[in-house]
Each structure stands twice: as structure tokens, then as C-alpha cells.
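Remarks on the structure that follows.
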Amino acid sequence: MRIALIEDAPGDVGWFRVVLAETLSSHNLFVFPSGGSALEHFEKNEPPELIVSDWMLPGMEFPEFLKHVRAIPQCESTPVAVCSGLADYYSDKALKLGAVCCLQKPIDAVQLQTVFQRIGPSAQA
């Protein structure tokens with residue numbers, strides 16, 4: 001599974017790698033430090049099968065990032081999850097915007113497994 005993580009905090013990236021390895025045996029993780037760098041990559045390359053984005057990104061917040069993702073034809077239906085230390089606060093807004101879920105930082109294996117269950121059988125590798 002191709003997963004794009006948009007996260008600017010190195011510690012959160014490292015933790016996500018650990019939890020992802022525990023949760024999904026077969027994956028390719030692409031990490032982007034900003035929404036802009038991820039969007040540029042998505043426009044020129046095969047889309048990921050899942051996007052996980054921090055709510056607070058350098059230069060833009062999640063709502064703006066998601067709007068731009070959906071404007072890229074090959075990413076129109078890519079599942080997008082958002083993560084935040086304030087997931088309870090952002091959860092309703094994230095779901096209304098079209099995110100599959102809002103994950104609480106630090107993300108754990110149970111939360112990731114829930115995401116994979118929501119996006120379908122291709123994630124169950």
C-alpha cells in the first residue's frame with residue numbers, strides 16, 4: 001500500500017513509521033514536510049492509496065490542503081485521514097470536509113487499523 005504522510009514534526013514521523021510497521025506488513029511510505037510539497041508530488045506521480053495529514057501544516061491548514069488534493073484528478077477519491085493532538089476538537093469538522101477519520105496524536109496501531117478497515121480490503125495486506 002502506498003501511503004503519503006504529510007507531517008513536519010520529525011518525532012511524529014518517526015512514531016508513525018514505528019506504528020505503521022506494526023500495523024501493515026507491506027507498505028511504501030512517502031513523507032512530505034508540507035502540504036505544498038505533497039501536492040506538487042501528487043500532481044506529477046501515481047497517487048497514494050491513503051493520505052494521512054497533520055491538521056496544522058506549514059503554509060496551510062488541513063481544510064485548504066484537502067481542497068487542493070481534491071482538485072487533482074488522480075486524487076479526487078483518495079482516502080484522506082487527518083491527525084492532530086486536538087482530534088476531539090477537529091473531528092466533526094474533518095468528517096464534514098470528507099476525511100475518513102480524525103486520528104489522535106500520538107497515533108497508535110488501533111487507530112491505524114481502524115483507518116485501514118474503513119478504506120477497504122486493499123489495505124488489509
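For this structure, a couple of remarks:
- Scanning region 60-114 for residues that are assigned to a helix (DSSP H, G or I), farther than 27 Å from residue 44 by Cα, of a type in the set (Gly, Ala, Ser) and touching a residue at least 24 places away in the same chain (Cβ under 8 Å) gives a single hit, 109.
- Test result for residue 13, touching a residue at least 40 places away in the same chain (Cβ under 8 Å) and in a helix (DSSP H, G or I): no
- Residues being more than 18 Å from residue 5 (Cβ to Cβ) and of a type outside the set (Gly, Ala, Ser) - total across region 65-109: 13
- Any hit, region 27-41, residues being at pLDDT below 95, over 15 Å from residue 102 (Cβ atoms) and in a loop (DSSP other than H, G, I, E, B): yes
- Yes/no for residue 60 being more than 24 Å from residue 109 (Cα to Cα), modelled with pLDDT under 95 and over 12 Å from the mean Cα position of the chain (by Cα): yes
- Assessment of region 19-26 against the conditions (in contact (Cβ under 8 Å) with a residue 60 or more places away in the chain, touching a strand residue (DSSP E or B) at 6+ places or on another chain (Cβ under 9 Å), more than 16 Å from residue 1 (Cα to Cα) and surrounded by 14 or more Cβ atoms within 10 Å (Cβ to Cβ)) yields no matching residue.
- Flag for residue 67 being surrounded by fewer than 16 Cβ atoms within 10 Å (Cβ to Cβ) and either in contact with a Phe, Trp or Tyr (Cβ under 8 Å, 6 or more places away or on another chain) or closer than 17 Å to residue 98 by Cα (or both): yes
- Within region 32-60, the residues that satisfy the criterion of being among the charged types (D, E, K, R) and buried (at least 16 other Cβ atoms within 10 Å of the Cβ) are 49, 54.
The values are calculated or read from the model by the stated rules, or taken from the named source; none is laboratory data. Because the structure is a prediction, the values reported are computed rather than measured. FYI the Cβ positions are ideal-geometry reconstructions off the backbone, even for glycines, and counts take in every protein chain you see.
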